[in-house]
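The values are calculated or read from the model by the stated rules, or taken from the named source; none is laboratory data. This structure is a prediction, so every number in the text was calculated from the model and none was measured. Glycine also receives a Cβ, built like all others from the backbone with ideal geometry; neighbour counts cover every protein chain displayed.
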Amino acid sequence: MIRKALPPTDDRDDASLFRSAIGADQGEVRVLQASPPPPQPPKPRPSAKMARRDDDAARSEFRNLLMSTLEAGDALSYRRDELPPRVLKKLARGEYAAQEELDLHGLPLRSAETLLRDFLRDCRLHGLGCVRIVHGKGRNSEERLPVLKNMVDRMLRQRADVLAFHSPPAAQGGTGAVLVLLEKH
């Protein structure tokens, strides 16, 4: 059997062997300066989750309003689930006597909104149970849509103190008015 001779071993450690192999021990290699780290991408701005949720809700509500625009001859109708359906039927027949009335007919939208809020607040303070709001049919509005009627419908649906509402019979204002039942406190 033929034996191969092993290469001679060097007593130096691995690091000194490496320096010798690349010429570092003779000054042939120069150390490069460390380069700066690459720039980091900017951190994302903190997001306002509540504001985004509010914006989404507002957009959704606006879309619903656009899709559910009332026409001049449409009757307004709403009741809370805890109220029996017969209450709404009585409102529709005009069987509840209005204790107070607000006429918004022909007013600019912003003025009408403010008056309606103030009126409903005063009615609640005085313990009134049924009121009539005259909004008109919107036939003379520039948009040819019942702007005030839609605003009244939207506002009444959002109020916690409104139990039910319905357009009364023609003799009491018909689709140009609405009878509103308010929660008494």
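One residue is enough: does the stretch 36-59 have a residue meeting the conditions polar (S, T, N, Q), assigned to a loop (DSSP other than H, G, I, E, B) and at pLDDT 85 or above? Checking the stretch 36-59: at least one residue is polar (S, T, N, Q), assigned to a loop (DSSP other than H, G, I, E, B) and at pLDDT 85 or above. Among the residues of the stretch 95-134, those identified as in contact with a Leu (Cβ under 7 Å, 6 or more places away or on another chain), in contact (Cβ under 8 Å) with a residue 60 or more places away in the chain and closer than 24 Å to P146 by Cβ are Y96, A98. Residue pairs whose Cβ atoms lie under 8 Å apart, sitting 6 or more positions apart in sequence or on different chains, and linking a residue in the stretch 161-181 that is closer than 16 Å to K149 by Cα to a partner that is among the aromatic types (F, W, Y) and crowded, with 23+ Cβ neighbours inside 10 Å, are V178/F165; L179/F165; V180/F165. Considering each residue of the stretch 138-151 in turn, at least one proves to be among the hydroxyl-bearing types (S, T, Y) and over 12 Å from S77 (Cα atoms). Of all residues in the stretch 141-162, none are over 26 Å from the mean Cα position of the chain (by Cα), part of a strand (DSSP E or B), under 18 Å from L88 (Cβ atoms) and β-branched (V, I, T). Residues in the stretch 69-79 that are farther than 15 Å from G129 by Cα and of a type outside the set (D, E) were compared, and the one that is surrounded by the most Cβ atoms within 10 Å (Cβ to Cβ) is L76. For the stretch 135-160, which residues satisfy the criterion of being of a type in the set (D, E) and without any contact (Cβ under 8 Å) to a residue 24 or more places away in the chain? The answer is E142, E143. From the list R117, R86, R124, the lone residue that is under 26 Å from A58 (Cα atoms) and among the charged types (D, E, K, R) is R117.
When every residue of the stretch 167-175 is checked against the conditions, none turns out to be buried (at least 18 other Cβ atoms within 10 Å of the Cβ), closer than 16 Å to D103 by Cα, β-branched (V, I, T) and at pLDDT 90 or above.
Set side by side, the residues R132, R110 differ, and just one is surrounded by 20 or more Cβ atoms within 10 Å (Cβ to Cβ) and of a type in the set (K, R), which is R132. The residues of the stretch 84-107 that are surrounded by 14 or more Cβ atoms within 10 Å (Cβ to Cβ), of a type in the set (A, V, I, L, M, F, W, C) and out of contact with any Pro (no Cβ under 9 Å at 6 or more places or on another chain), listed by number, are V87, L88, L102, L104, L107.
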